[in-house]
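Remarks on the structure that follows.
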Amino acid sequence: MTPAVSISHLEKVYRSGTKAVNDLSLTIQEGDFFGFLGPNGAGKSTTIHCITGIAKPTSGKIEIFGVDAVKDYREARRLIGLSPQEFNVDTFATVSQIIDWMGGYFGLRAAERKERVDMLIEKFDLVPHAKKQFRELSGGLKRRVVLARALVHDPRLLILDEPTAGVDVELRRDLWRYLLELNAEGKTILLTSHYLEEVERLCRTIGIISGGKITKQGTKAEFIGSAGGLENAYLMATGAEPDHIAAAGA
Amino acid sequence: MTNDNSAPLPRLGINWIGLYTIIRREYSRVMRVPIQAFLAPWISALLFIFVFGYVVGGRISTIGGHRYIEFVLPGILMMSVVNAAFLQSTSQIYFQRFLRYIEETLVAPLSYVEMIIGSLAMTVFRSIVTAVGILAIGAAFGATSMSGILEFLFWVTSVSIIFGLLGIIVGLWANNFEQLTMLNVFFIAPLTFVGGVFNTVQMLPEWLRWIAWGNPFFYFINGLRHSMIGFNEAPEPLGALLTLAMVAILGVVVWRLFERGYGLRE
């Protein structure tokens, strides 16, 4: 079966000379719920930006369901929905405009777009806020809007860059349930998070990135089954201080 | 709620809906600031027409058989079109970068050409609305005439595309609001004023006439003036060719910048 994401020898060097991603190779199978872990500045967001087209890879190859993400970028992008870590939204636009415009960029016709926008606004409990400007919303509501926006074109691959950062417990639980539903329906999900319990709860496969490279990859069972569990494995893979590792294993 | 995930997507041709969505979004953004976008240039043009055309122009003899107010109106109109196009284009691209919602289009299945055309479409629309308003103001002073509507549309459209493209370049390059206004302050405004808005080339001292002949704004204003009152100071095909060449060259430059990701994917 063609993998959902296949990255080989990806390298991204910014104009400043910073090498954010260094010879990264990664495969995510279709239908997987993949946890992408790593400390701040490890290269998670840059890798996601290269997959989605926000950043241009310096070298290497990225395929989305077998489609080259650079050469056939338009075809590849149709397959991906992105909920970014930072809000990249016209803050003066209303909730329904933001979701509707995204559907438009993806070529959805007006009737289909309306149906999808209405469904997502309801699904994410945004009905009372649909006509409000994005800047008027609380942090949790903003997060729901960008998630709804990511789903408007019903992508096969959903990329969530820290989707629960700054979100209250109730919404986080709702979101987890919803993501599991989507995954059960066949969507492949790539999730980055700093909450290890979130990754443990949701993901089937986990990859850890450090210094722009994948330092450890395996199934959740392998990580949890190792001495000290996921936290210990994470600290080891990211080259954390020995006392931190000892504390985690204790 | 999901579609059949394994079904292959139909091959994407021109993303007309995506293109139209860029225009819809920009229309919505512009209509949030109608005073700034439309009323301000109309009031500014009204003052220019009143002071220079009506008050001062009343004491100036005719130029080429035309009243001075009729002579300056095309220049004022072109100045407003240039400003409208440049401001629309720079603010559009800069705010997309500043608030990062440019990423919405970068992750979407839109080609660079679709992104550029979408951006220019709104620029041309805003310029035409500005121009129509100024024609109406001119008509109130009895100064509006039209000798060639297609020629008029050619000049308004092509010049707004040129300044729309220049605005995209500046919007991609600028890293702050001050840089955003630099081209306007040091290049566009001075060249417009010496490009024949208020005077003919013959009125300039002989040693200064080269400024007019070497100034693209002179050809833009001259072309528009010809389309409105039939007054012409330069071989018209030269101005039209120069304008089309600028559209082509700037179009290629902007497309290359998008392709390289300059200011977009960094």
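By the helix-only formula, in which each DSSP H run with n ≥ 4 contributes -39500 (n - 2.57) and the sum is divided by residues, chain B has a 222 nm mean residue ellipticity of -21000 deg cm²/dmol. Charge dipole (Cα centre; +1 on Lys/Arg Cβ, -1 on Asp/Glu Cβ; no other charges) of the protein assembly as shown amounts to roughly 760 debye. Taking amide H atoms as placed 1.01 Å from N in the peptide plane, the amide H of residue B:101 lies under 5 Å from those of A:89, each 5 or more residues away in sequence or on another chain. Near residue A:216, the amide H atoms lying under 5 Å from its own belong to A:208; only residues 5 or more places off or on other chains count, and H is placed 1.01 Å from N. If you run the Gaussian network model on chain B, springs between alpha carbon atoms under 10 Å, then out of B:83, B:232, B:15 the most flexible one is B:15.
Can you pull the semi-axes for the range A:81-154, root of five times each eigenvalue of the Cα gyration tensor, sorted largest first, whole Å?
Numbers: eigenvalues 61, 34, 24 Å².
For the range A:81-154, the ellipsoid semi-axes come out as 18, 13, 11 Å.
Note on the range B:114-266: Cα-only Rg and Dmax are 16.8, 53 Å.
Applying 1/(1 + (r/R0)^6) with r as the Cβ-Cβ distance of residue A:138 and residue B:187 and R0 = 30 angstrom yields a FRET efficiency of 0.10.
List the residues of the range B:60-100 whose backbone N lies under 20 Å from a point placed 7 Å from the Cα of residue B:129 along the Cα-to-Cβ direction. Answer for this model: B:77-96. Dipole check for the range A:81-154: with +1 at the C-beta of Lys and Arg, -1 at the C-beta of Asp and Glu, and the Cα centre as origin, the magnitude is about 100 Debye.
Taken over the Cα atoms of the range B:112-163, the convex hull encloses 67 Å³ per residue. Note on residue B:56 and residue B:147: the model spin-label points, each 7 Å out from Cα along the C-beta direction, lie 2.4 nm apart.
Each residue of the range A:101-108 was assigned a 3J(HN,Hα) from its phi angle through the Karplus expression (A = 6.51, B = -1.76, C = 1.60, θ = phi - 60°), giving 4, 4, x, x, 4, 8, x, 6 Hz with x at Gly and Pro. Which residues among the range A:20-34 fall inside the zone where the amide N is under 13 Å from a point 7 Å beyond the Cα of residue A:204, along Cα→Cβ? What the label zone holds, given the 13 Å backbone N cut-off, is A:28-34.
Here the Karplus curve 6.51 cos²θ - 1.76 cosθ + 1.60, taken at θ = phi - 60°, turns the phi angles of the range A:24-31 into couplings of 8, 10, 7, 10, 10, 6, 4, x Hz, with x standing for Gly and Pro.
If you find the alpha carbon centre of the range B:209-263 and of the range A:1-70, how far apart are they in angstrom? For the range B:209-263 versus the range A:1-70, the Cα centre distance is 44 Å. When the charge dipole of the protein assembly as shown is built from unit charges on Cβ atoms (+1 for Lys and Arg, -1 for Asp and Glu) and taken about the Cα centre, the candidate among B:242, B:252, B:145 whose Cα reaches farthest toward its positive end is B:145. As a ratio to 2.2 N^0.38 Å, the alpha-carbon radius of gyration computed for chain A takes the value 1.02. Rounded to the nearest 20, the size of the Cβ-charge dipole of the range B:193-264 about its Cα centre is 180 debye, with Lys and Arg at +1 and Asp and Glu at -1.
Measuring how big chain B is from its alpha-carbon positions, Rg and Dmax come out at 20.4, 77 Å.
All C-alpha to C-alpha distances of the protein assembly as shown, sorted into 10 Å bins beginning at zero, yield P(r) values of 4, 17, 24, 20, 14, 10, 7, 3, 1, 0 percent in whole numbers.
Please tell me which of these pairs span more than 30 angstrom C-alpha to C-alpha: A:61/A:132; A:12/A:132; A:44/A:142; A:44/A:187?
A:61/A:132; A:12/A:132
Reported value for the range B:27-163: 107 Å³ per residue, from the convex hull of its C-alpha atoms.
Where a number appears in this text, it was derived from the coordinates with a stated rule and is not lab data. Just so it is clear, the structure is predicted and the values come from calculations on it, not from any experiment. As a convention, Cβ positions derive from the backbone with ideal geometry for all residues, glycine included, and neighbour counts pool all protein chains shown.
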